[in-house]
1. Place the peptides 67-73, 39-45 in order of packing, highest mean first, counting for every residue the other Cβ atoms within 10 Å and averaging per peptide.
2. Once both labels are modelled 7 Å past Cα along the beta-carbon direction, what's the Val293-Leu28 spacing in nm?
3. Would you list which aspartates and glutamates come within 15 Å of Lys137, measuring only between C-alpha atoms, while excluding same-chain residues fewer than 8 positions from it?
4. If you average the alpha carbon positions of the stretch 53-83 and of the stretch 195-242, how far apart do those two centres end up, in angstrom?
Amino acid sequence: MTKSVIKIISPGLLSTIQDLGRYGFQHLGIPESGAMDKFALRVGNSLLGNPENRAAIEITGIGPSLIFLENIEIAITGANLSPKINGSTIPQWQNILISKNDHLTFEDAIDGFRSYICIKGGIDCPNVLGSKSTFLKGQFGGIEGRSLKENDIILANADRNNILPSKKLPPEYTNPIYGNHHILRIILGPQNNHFTDNALSTLVESQYKITLESDRVGYRLEGPELEHIDKPDILSDGSPPGAIQIPGNGQPTILMADRGTTGGYAKIGTIISTDISQIAQASPGQIITFQIVNQEEASVLRQAQEQIFIDLDNNYPITKSNKQNLLHITDNKSKLSAFTKKGLPLTSNTQQPQSSQKLFRTTVTSKKTTYTFDLDVNEIE
């Protein structure tokens, strides 16, 4: 059920609605947009039991002030912008329950630059080309294609009847710390052969400062010039997220979520996917250095990041507060079989117990709809 869940009192510096982005339209000149820090958004949704692509509020730099209009479950991830409920500090990177009329504010930016307010069920607004993401330059997506403003009402698919137990990142992982000096791992190319050997060594041996001319389109850097062998121009080609474009002045520009879909300057390298979240949390005046890795190393790092989501899904406890007799489950030692209350069988697939808590995860399909349940079989009779 869609409900009005938030009223914006003050929007902060820049607050927009974003999901994981708009794909399949770059040939039409429409960028993917979406969350700048997709890792933080995905974690926030996972903490709430949402599909990872559910829309949330992306906050940049200075946070908003808002009032909750319903009892709701939220998770705040990404930058530490000192979130407070009714004046009291609240934790990040875990799910928390919010009561109707609670007042959420943000104070000092302690670490990072972009924070995400994720809501149980996800924010509801019109889909535009398959996404709820706000594309500011195109003026579509989100709420009327703009940033949030005073008195905006945020809708969500809110459901207080399915509250998860307290959930946070598994203990073997720590909440990200962003800092002021960002080491970004890159793969060279696609046009690294357009640059001198000196330019390549300069790229990895130098520090670059993020300028004020940085936003959701791209980050302009300032530092030692990178020399082209010939001219900076190339035949326009596609621009992947994290591409490091070098125009005629030799100063790098990192292309971000709202970048143009093609570009005519040579790209010396591309930031690996796991580190794009790191640059998304960097702010003007901070320092960037680059480190070259190969595709195999990048793949290993990506797999390690994806393991976080597997462990996050597998390691939260089942408590009495969220046990509901939704289905009758029988254990025949090799698999779990699920039945409706009328005794009709449903198909199911299961994993083996995942810890000493003997939890099972069962995926049940009925009438073309798939449901996933975490079950403690010791307490199911």
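1. Numbers: 67-73: 18.7, 39-45: 26.7.
The peptides rank, most packed first, as 39-45, 67-73.
2. The modelled label-to-label distance comes out at 3.5 nm.
3. Output for Lys137: Glu32, Asp215, Asp258.
4. 33
None of the figures in this text is laboratory data; all of them are computed from the coordinates on show. A quick note: this is a predicted structure, and the numbers were derived from the prediction, not measured. Every residue, glycine among them, receives a Cβ derived from its backbone with ideal geometry; neighbour counts consider all protein chains shown.
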